[in-house]
Amino acid sequence: MTQDWRDSVELTQQQSLVRRSIRELCAEFGDEYWRERDRTATYPTEFVDALADDGWLGMLVPEEYGGVGMSTSEAVVMMEEIAASGGGFAGPQSIHGGIYNSVPIVKYADEELKADLLPRVADGDARIQAFGLTEPNAGSDSTAMETRARREGDEYVVNGEKVWISRVEDSDYLLLMARTTPRDEVEKRTRGISMILVDLEDAYGNGLEIEQIPKTASRAVHSYQLYFDDLRVPARNLIGEEGRGFYQVLDGLNEERLVIAAECLGLGEVALERGIEYANEREVFGGPIGANQAVQHPLAEAYADLLAAKKVIYSAADRLDDLERTEAGAEANVAKYLAAEAAFEAADAAVQTHGGFGVAREYDVERYFREARLTRLVPVTQQLALNYLGERVLDLPRSY
């Protein structure tokens, strides 16, 4: 049951429509569905298909290509609702790439590629769920990537490795980041990196091998290690300008980070709801445990932190397009930092409220706790968010 305090920010008419539509769709996928997806580490195919059938994977695709033509201000509503419905962090993460990987195509691809691909993304026939950035020796320092895409005639030949690449099994295409110019041959480390679209059906067995990574959090959304061995990709699949791919990624980073914050927010909200419900129902020593301040205060503190994060997220979403890049980056990093911290505190309070049952799968809060811990690591650690604020906002010396 949705708590009244969940609807604590004023929404536009469009945002209200998104919230209502997503709540109705998510109501068809209850706690047992998400519990089973986590227990068996099974991708939520039925849920993703339902969203695709309703056109939600194309929410950021312009109407001229058959999409919905919405923006980040609607995406934050959508992702918060999916998480808060019981999907937790895994719910929105199952379709996060499918929505945001279309943005570089819209902004930078040539018209021929956009006209071919975007209508298929909008109607759910094609999915760009996977984004290949992270490498074993290049995590937070993306410019240290070693995967190389060497131009040979009208093809790129790709060699290297990627790690922690999600949703590959539910993707038709991989948006790959690779060095087209070695790092020691560019003036700035951010140059010489390009964005290339890889058709996964063509790639499997022809230079691409994948291996799933076992993990303990967000088990329904699988992550993979990718191995490239002379994979040939048509040069026409280059997105934007060769060597400018890193800047193309940065261009949409603040919007995506804000949406991640909304996913953290929804996770914290559902954890808090479960904690409140149990605190009202569970009786010990003749009364509900929620009457005890030791139980009540952590839940109230979690609510205060979630509310504060929500205000920041929605305020930033409304104004992001009007902000200068550094200011927008500051707001996005503050939002992600606050939301991840609030989600963790809410999940921790919910587990503590449940006592021994806090680690029982049937009550779900242990799953929310595992996922809340993950949000402090991805897609950027809390420490790197603070580094950004320290350097760019507080004008402190660069620490890395």
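The values are calculated or read from the model by the stated rules, or taken from the named source; none is laboratory data. Here the structure is a predicted model, which is why all the values come from computation and not from measurement. A quick note on method: Cβ atoms are made from the backbone with ideal geometry, for glycine too, and the neighbour counts reach across all protein chains shown.
Every test in (1) in contact with a Gly (Cβ under 9 Å, 6 or more places away or on another chain); (2) modelled with pLDDT of 95 or more; (3) not β-branched (V, I, T) is passed by P182 save one, and that test is (2).
I'd like to know if region 355-366 contains one or more residues that are among the aliphatic types (A, V, I, L, M) and not in a helix (DSSP H, G or I). Yes, because at least one residue in region 355-366 is among the aliphatic types (A, V, I, L, M) and not in a helix (DSSP H, G or I). Checking the stated criteria, K311 turns out to be under 24 Å from D7 (Cα atoms) and surrounded by fewer than 16 Cβ atoms within 10 Å (Cβ to Cβ).
Of the residues making up region 159-191, those that are charged (D, E, K, R) and in a strand (DSSP E or B) are E161, K162, R179.
Just the residues that are more than 30 Å from L389 (Cβ to Cβ) and either surrounded by 12 or more Cβ atoms within 10 Å (Cβ to Cβ) or modelled with pLDDT under 95 (or both), please, taken from region 288-308. Across region 288-308, the qualifying residues are P288, I289, G290, A291, N292, V295, Q296. Checking region 126-136 against the condition returns a match, with at least one residue being closer than 24 Å to R23 by Cα, without any contact (Cβ under 8 Å) to a residue 60 or more places away in the chain and either surrounded by fewer than 23 Cβ atoms within 10 Å (Cβ to Cβ) or not acidic (D, E) (or both).
Candidates Y400, Y363: the one that is in contact with a His (Cβ under 6 Å, 6 or more places away or on another chain) and surrounded by fewer than 24 Cβ atoms within 10 Å (Cβ to Cβ) is Y363. On the given criteria, is A279 hydrophobic (A, V, I, L, M, F, W, C), out of contact with any His (no Cβ under 6 Å at 6 or more places or on another chain), crowded, with 20+ Cβ neighbours inside 10 Å and assigned to a helix (DSSP H, G or I)? It is true that A279 is hydrophobic (A, V, I, L, M, F, W, C), out of contact with any His (no Cβ under 6 Å at 6 or more places or on another chain), crowded, with 20+ Cβ neighbours inside 10 Å and assigned to a helix (DSSP H, G or I).
With a requirement of 1 or more residues that are under 23 Å from Y368 (Cα atoms) and either at pLDDT below 95 or outside the structural domain of V259 (by TED's automatic domain parsing) (or both), the helices (runs of 4 or more DSSP H) lying completely within region 1-112 that satisfy it span 13-26, 31-40, 45-53, 72-82, 90-100.
Screening the candidates D116, D172 for the property of being of a type in the set (D, E, K, R), in the same structural domain as I196 (by TED's automatic domain parsing) and within 19 Å of A235 (Cα to Cα) yields one hit, D172.
Would you confirm whether or not region 144-153 contains a residue that is more than 16 Å from Q225 (Cα to Cα) and of a type in the set (V, I, T)? Checked region 144-153: no residue is more than 16 Å from Q225 (Cα to Cα) and of a type in the set (V, I, T). Inside region 227-256, residues that are modelled with pLDDT under 95 and among the charged types (D, E, K, R) make up a count of 3.
Of the candidates E211, E255, E269, E242, the single residue that is out of contact with any His (no Cβ under 8 Å at 6 or more places or on another chain) and assigned to a strand (DSSP E or B) is E211. Residues satisfying the criterion are present in region 146-158 (criterion: over 19 Å from P234 (Cα atoms) and in a loop (DSSP other than H, G, I, E, B)). On inspection, Y368 passes the criterion of being buried (at least 16 other Cβ atoms within 10 Å of the Cβ) and farther than 20 Å from S8 by Cα. Filtered by the rule that a residue be buried (at least 22 other Cβ atoms within 10 Å of the Cβ) and free of Cβ contacts under 8 Å to residues at least 60 places away in the same chain, region 38-58 gives F47, L51, W56.
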